[in-house]
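Here the structure is laid out as structure tokens; the discussion comes afterwards.
The values are calculated or read from the model by the stated rules, or taken from the named source; none is laboratory data. If you're wondering where the values come from, they're calculated on a predicted model, not measured in any experiment. All Cβ positions, glycine included, derive from the backbone under ideal geometry; neighbour counts span all protein chains shown. To get the accessible areas, we keep the full protein, side chains included, count just its heavy atoms, and leave off ligands, DNA and RNA. Shrake-Rupley method; radii C 1.70, N 1.55, O 1.52, S 1.80 Å.
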Amino acid sequence: MASASSLLEEELSCPVCSEIFRDPVVLSCSHSFCEACLQHWWREKGSQECPVCRRRSSKDRPPISMYLRNICEAFLKEKSQRAKAGSEVLCSLHSEKLKLFCLDDVEPLCVDCLTGSHMNHRFCPIQEAALKYKGKLRTALAPLQEKLRVFNAVKLLCDQTAKHIKSQAQHTERQIKMEFEKLQQFLKDEEAARITALREEEEQKSQKMKEKIEKMTEEISSLSEQIRAIEQELGAEDVSFLQSYKDTQNRAQCTLGDPEKVSGPLIDVAKHLGNLKYRVWEKMLGTVQYTPVTLDPNTAHPELSLSEHLTSVSRSAKRMQVPDNPERFDYGWLCVLGSEEFSSGSHCWDVEVGGVAWMVGVVKESISRKGDFTLNPEGGVWGIELTSGQYRAMTSPPTPLTVQRKLQRVRVQLDWDKGKVSFSDPSDNTPLYIFKHSFTERLFPFFSTMGTVRICPLKVSVSVK
């Protein structure tokens with residue numbers, strides 16, 4: 001048999017949605033519905049009839065029954081309170097309140113459970129057990145929370161890296177376009193210059209030929225007039241012809257020499273087209289620079305700023321917003337590596353040094369990028385430095401260098417196979433220091449500065465074999 005509560009709930013339910021009335025309205029036929037349900041029903045049916053008895057309503061918007069709405073709200077409130085009161089968990093065997101906790105079986109008990117299977121078990125009050133096990137769970141939760149913190153930190157780094165990748169790609173694309181625009185402009189200028197030279201030659205030789213044609217035209221006209229006069233005399237009467245013969249004979253004498261042919265009248269096509277691409281490319285080499293080493297921005301300390309062409313590095317006025325990727329230096333040494341890696345052969349590059357402090361040389365690939373590291377061969381660094389006004393080789397301890405004048409440039413020479421790193425002053429080839437070591441891993445060019453250092457370009461030349 002249904003309870004009184006369920007019968008009341010049925011009476012307070014909308015016939016359309018079967019839920020407790022929301023804003024109930026009463027039709028003239030005494031049937032009640034949720035206002036929204038009734039309006040939806042009417043729109044669907046196309047007529048204003050009662051969903052229960054089908055009688056038509058005389059009103060487009062029946063009034064809301066405040067009495068019925070108040071009953072529904074009171075019923076829902078009472079139902080919610082009953083649900084909260086019944087949420088207390090009772091013992092499934094004895095329907096008693098759980099007040100104890102079995103330490104052996106790790107489960108809550110009621111008082112009646114002590115005479116059953118838990119008779120000889122250890123137990124304690126439920127509040128004491130909850131406090132104890134919450135403490136254990138908090139202890140177990142701490143590593144998870146720390147792990148979550150680590151994951152969040154790495155995710156944040158990944159998010160920053162993703163943005164930096166997009167920024168790098170956009171910046172690099174702009175640089176590529178700018179460089180190709182320069183190359184295209186060079187080719188356009190070169191094309192215009194060569195077409196101009198062709199037009200000038202055409203104008204010069206066309207003018208010369210025009211003057212030659214005009215002179216020839218005048219001489220042809222003179223000869224034609226002379227021939228015409230003589231031919232007239234030949235047609236005269238004998239006596240008249242003979243009387244003027246001497247004058248006619250004199251006029252018949254040709255004083256003009258044979259016309260000279262014009263030498264080199266044609267366009268020197270070979271000059272304009274011969275090895276055209278090669279000669280343009282050869283000229284283009286004079287507009288480009290080549291450096292044996294370029295800097296790797298992904299390794300640069302955040303306080304360093306690299307030039308657009310990655311050939312010079314300076315101390316930045318502010319810390320760069322760059323991701324803390326594993327390759328990047330982040331400690332006190334303001335370092336950046338070259339992008340070239342050396343694991344064999346001989347290599348050489350000149351560095352223009354400036355500022356009050358700098359270091360140049362090579363480092364092993366496995367050098368620590370995070371935190372402190374030792375600036376000597378034991379730490380994987382082979383280089384020289386200027387610090388506190390003194391030039392030193394970065395040995396352990398540092399070796400002072402004898403320098404006759406202030407260094408403007410330093411030449412770094414690496415012979416990986418022979419295990420030698422040499423430093424010299426390229427202005428007069430004065431040796432500065434030589435390291436010897438048996439290398440076992442890849443090496444990278446190494447730069448650090450509190451001012452500016454720049455990798456010097458090499459002179460590019462073309463040879464034909």
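Per-structure values
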| item | result |
| --- | --- |
| Residue list for region 104-142, filter: more than 60 Å from the chain's Cα centre (by Cα) and of a type in the set (G, A, S) | G116, S117 |
| For S366: the one exception among (1) open to solvent by 40 Å² or more (accessible area, probe 1.4 Å); (2) more than 33 Å from the chain's Cα centre (by Cα) | (2) |
| Matching option when the condition is open to solvent by less than 90 Å² (accessible area, probe 1.4 Å), at pLDDT 85 or above and within 60 Å of the chain's Cα centre (by Cα), among F21, F33, F101 | F21 |
| Residues that are within 15 Å of W358 (Cα to Cα) and open to solvent by 10 Å² or more (accessible area, probe 1.4 Å), drawn from region 402-424 | K406, Q408, R409, R411 |
| Test for S344: is it of a type in the set (S, T, Y), in a strand (DSSP E or B) and at pLDDT 90 or above | no |
| Test: residue in region 77-95 that is at pLDDT 85 or above, farther than 24 Å from C17 by Cβ, under 60 Å from the mean Cα position of the chain (by Cα) and not in a helix (DSSP H, G or I) | no |
| Yes/no for I230 being in a helix (DSSP H, G or I), of a type outside the set (D, E, K, R) and open to solvent by 60 Å² or more (accessible area, probe 1.4 Å) | no |
| Region 154-165, residues that are within 20 Å of L310 (Cβ to Cβ) and open to solvent by 90 Å² or more (accessible area, probe 1.4 Å) | I165 |
| Sole residue being under 30 Å from K212 (Cα atoms), out of contact with any helix residue (DSSP H, G or I) (no Cβ under 7 Å at 6 or more places or on another chain) and open to solvent by less than 40 Å² (accessible area, probe 1.4 Å), chosen from G274, G257 | G274 |
| Test: residue in region 329-336 that is out of contact with any helix residue (DSSP H, G or I) (no Cβ under 9 Å at 6 or more places or on another chain) and touching a residue at least 60 places away in the same chain (Cβ under 8 Å) | yes |
| Counted residues, region 166-221 - those being open to solvent by 100 Å² or more (accessible area, probe 1.4 Å) and either among the basic types (K, R) or closer than 25 Å to T299 by Cα (or both) | 9 |
| Residue count for region 105-130, restricted to those that are modelled with pLDDT of 85 or more and not in a strand (DSSP E or B) | 10 |
| Residue within region 388-401 that is exposed (fewer than 12 other Cβ atoms within 10 Å of the Cβ), of a type outside the set (G, A, S) and touching a Pro at 6+ places or on another chain (Cβ under 7 Å) present | yes |
| Hits in region 388-419 (condition: over 37 Å from the mean Cα position of the chain (by Cα) and part of a strand (DSSP E or B)) | Q390, Y391, R392, A393, T399, P400 |
| Residue satisfying all of: in region 55-76; small (G, A, S) and modelled with pLDDT of 85 or more; nearest to K45 (Cα to Cα) among these | S65 |
| Contacts under 7 angstrom Cβ, first residue in region 154-170 being closer than 15 Å to E327 by Cα, partner open to solvent by 60 Å² or more (accessible area, probe 1.4 Å) and modelled with pLDDT under 90, 6 or more apart | L157/D324 |
